[in-house]
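K.L.:
Let me begin by handing over the structure; questions about it come next.
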Amino acid sequence: MGATRTVPFFNYPFLFKSDEQGLTEVMLDVVHRGAYILQRDIDEFEARLARFLDVRHAISVADGTNAMLLGYRAMDLKPGEEVIICSHTYVATASAVHYAGGVPVCADMGHGWTLDPASVEKAITPRTRAICPTQLNGRTADMDALQAIADRHGLVIVEDAAQGLGSRYKGRAAGTFGVWGTISFYPAKVLGCFGDGGAVVTNDDGIAEQLRLQRDHGRDAEGKFVAWGTNCRLDNLQAAIMNRKFDTYDQVMRRRREIAGLYDELLRGLNALELPPAPDADPDYFDIYQNYELAADGRDALRDYLKQKGIGTLIQWGGQPVHHIEPLGVRGDCPRVDRFFERCLMLPLNMSLTDDDVRYVAASIREFYSVNKRAVAG
Ligand SMILES: *Cc1c(COP(=O)(O)O)cnc(C)c1O
């Protein structure tokens, strides 16, 4: 059962290697201009992002976590106000609420691994202010159901769309449903820069103005200090790199959906697996597959087997959904998340993958279950 090829979970050097000449030119242009902070590359990037998402404002910031923190401050989240999040998310979704003075509360995951509307409704208290779905793995949650709950209880929606750039629900882009939404440009994200990066998007002019002030020391366009602020700017160099990468973003989304479709075709029918929705499963959802995350019987043994086959896999969040992180004490009743995290696994899905890599991964998984049928069923 030796490894006949290696398929790393993610290939960081590939980010540069895949377009070495073009990216070198972009970076040289920036450093030759000495254009480091809030220069025209930032303006261009923000304009492109807003156009791509069909939203009024895109404000670039230092990273996806501080994007949310600024979002909560811009909407004036009050001390003790609660925000309902999905436990199946990165700790940042919760910590942004905490650092803004609020209280994160976990609800359960539902269909497609995203926030379950019924569980949200149960988590509402008199202190609840907002619902923050995570547009997980490149899939947008059921926003109609969440909006109906928000309307019924007088709550607002905000979105952690860190993983969702280009994902759509009923034609509308992730990040643009609520008061604000945030995107991350961490290197392994679908649009990854060469360090940290993030953005807040909003259709609310007042929130946008607040965000622009906050990210740059409370300075207005004339350089006057008109409010409290901090330093939360995206580097101009990163904006220039992403302007280059944006040119091929449609192809990137297409390719990621193609890989997910291939996994689905090759793995469908294996009873030991629970697969994420296929790209063509429901016309209401346009998923961009930031990750290909499934649930598998005998997950740990499968993971070891794939490792020996030279295949890298990952358990999301290091295996810790938010309500399992004991020192943080975020409350939540999330039985589906509890069960899912005994079985969940992410397969490689990135732009360095070939179809043959995908076939090798799928064949190795099938091989594992044909060899281990009894062990896994027990
Ligand atoms: C990556 C990620 C973040 C954090 O983004 P950073 O840019 O690394 O701060 C937040 N939420 C989710 C769901 C993420 O995947």
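Any read-out appearing in this document is the output of simple, stated calculations on the displayed coordinates, not a laboratory observation. Please read these numbers as outputs of a predicted model, since none were measured by experiment. Please note: Cβ atoms are built from the backbone with ideal geometry, for glycine as well, and neighbour counts cover all protein chains shown.
K.L.:
Spelling out what I want: for every residue of the range 187-194, take phi, set θ = phi - 60°, compute 6.51 cos²θ - 1.76 cosθ + 1.60 (Karplus), and round to whole Hz; glycine and proline get x.
P.N.:
Here the 3J(HN,Hα) series is x, 7, 6, 4, 9, x, 9, 9 Hz.
K.L.:
About the Cα centre, and with charges only on the beta carbon of Lys, Arg (+1) and Asp, Glu (-1), how big is the dipole of the chain? Nearest 20 debye, please.
P.N.:
Using Cβ point charges on Lys, Arg, Asp and Glu, the chain gives about 520 debye.
K.L.:
May I pose another question? Just going by the charge dipole of the chain, with Lys and Arg at +1 and Asp and Glu at -1 on Cβ, which of 323, 147, 341 is farthest out on the positive end?
P.N.:
341
K.L.:
Quick check on my link table: of 17/309; 122/373; 122/170; 170/307, which ones sit more than 28 Å apart, alpha carbon to alpha carbon?
P.N.:
Cα-Cα > 28 Å for 122/373; 170/307; rest within.
K.L.:
Amide H of residue 7 versus every other amide H placed in the peptide plane: which residues, excluding those fewer than 5 positions away on the same chain, fall under 5 Å?
P.N.:
311, 312
K.L.:
For a quick check: with amide H placed at 1.01 Å from N, whose amide H comes under 5 Å from residue 180's, ignoring anything fewer than 5 positions away on the same chain?
P.N.:
Under 5 Å from the amide H of residue 180 lie the amide H atoms of 159, each far enough along the sequence or on another chain.
K.L.:
Cα gyration tensor of the range 213-277, axes a ≥ b ≥ c as square roots of the eigenvalues: rounded (a/c below 1.5), prolate (a/b > b/c) or oblate?
P.N.:
prolate
K.L.:
Can you list the HN-Hα couplings for the range 214-227, worked out from phi with the Karplus curve (6.51, -1.76, 1.60; θ = phi - 60°), rounded to whole Hz and with x for Gly and Pro?
P.N.:
3J(HN,Hα) across the range 214-227, in whole Hz: 4, 6, 9, 6, x, 8, 8, 4, 8, x, 7, 7, 10, 6.
K.L.:
Hey, which aspartates and glutamates would be in cross-link range of residue 245, C-alpha to C-alpha under 17 Å, not counting anything within fewer than 8 residues on its own chain?
P.N.:
Output for residue 245: 19, 20, 25, 29, 41, 43, 44, 46, 196, 235.
K.L.:
Let me ask something else. Given the -39500 (n - 2.57) contribution per DSSP H run of 4+ residues, what per-residue ellipticity at 222 nm results for the chain, rounded to the nearest 500 deg cm²/dmol?
P.N.:
Calculated mean residue ellipticity at 222 nm is -11500 deg cm²/dmol.
K.L.:
Rank by packing, highest mean first: peptides 9-16, 21-28, with packing defined as the count of other Cβ atoms within 10 Å averaged across residues.
P.N.:
Listed from highest to lowest mean packing, they are 9-16, 21-28.
K.L.:
Okay, moving on. What are the residues whose amide H is under 5 Å from the amide H of residue 107, where those residues sit 5 or more places off or on another chain and H is modelled from the backbone?
P.N.:
It is 85, 86, 87, by chain and number.
K.L.:
Still on this model: At a 10 Å Cβ-Cβ cut-off, how would you order 189, 373, fewest neighbours first?
P.N.:
Placing the least packed residue first, the sequence is 373, 189.
K.L.:
Place the peptides 175-188, 109-122 in order of packing, highest mean first, counting for every residue the other Cβ atoms within 10 Å and averaging per peptide.
P.N.:
Top of the packing list down: 175-188, 109-122.
K.L.:
Suppose each label sits 7 Å from its Cα in the direction of the beta carbon; what would the residue 144-residue 24 distance come out to in nanometres?
P.N.:
The modelled label-to-label distance comes out at 5.2 nm.
K.L.:
Rank 114, 135, 98 by how far each Cα sits towards the positive end of the charge dipole of the range 8-137 (+1 on Lys, Arg Cβ; -1 on Asp, Glu Cβ) and give me just the farthest.
P.N.:
It is 98.
K.L.:
What are the ³J(HN,Hα) couplings of the range 344-357, residue after residue, when phi is run through the Karplus curve with 6.51, -1.76, 1.60 and θ = phi - 60°? Round to Hz, x for glycine and proline.
P.N.:
7, 7, 10, 8, x, 8, 7, 6, 8, 6, 9, 4, 5, 4
K.L.:
Still on this structure: Suppose each label sits 7 Å from its Cα in the direction of the beta carbon; what would the residue 304-residue 278 distance come out to in nanometres?
P.N.:
3.3
K.L.:
Report, in whole Å, the centroid distance computed from the Cα atoms of the range 195-258 and the range 85-163.
P.N.:
Using only Cα atoms to place each centre, the spacing works out to 23 Å.
K.L.:
If a paramagnetic tag sat 7 Å from the Cα of residue 367 along the Cα-Cβ line, which residues of the range 279-302 would have the backbone N under 16 Å from that point?
P.N.:
Residues 302 qualify, since their backbone N sits under 16 Å from the label point.
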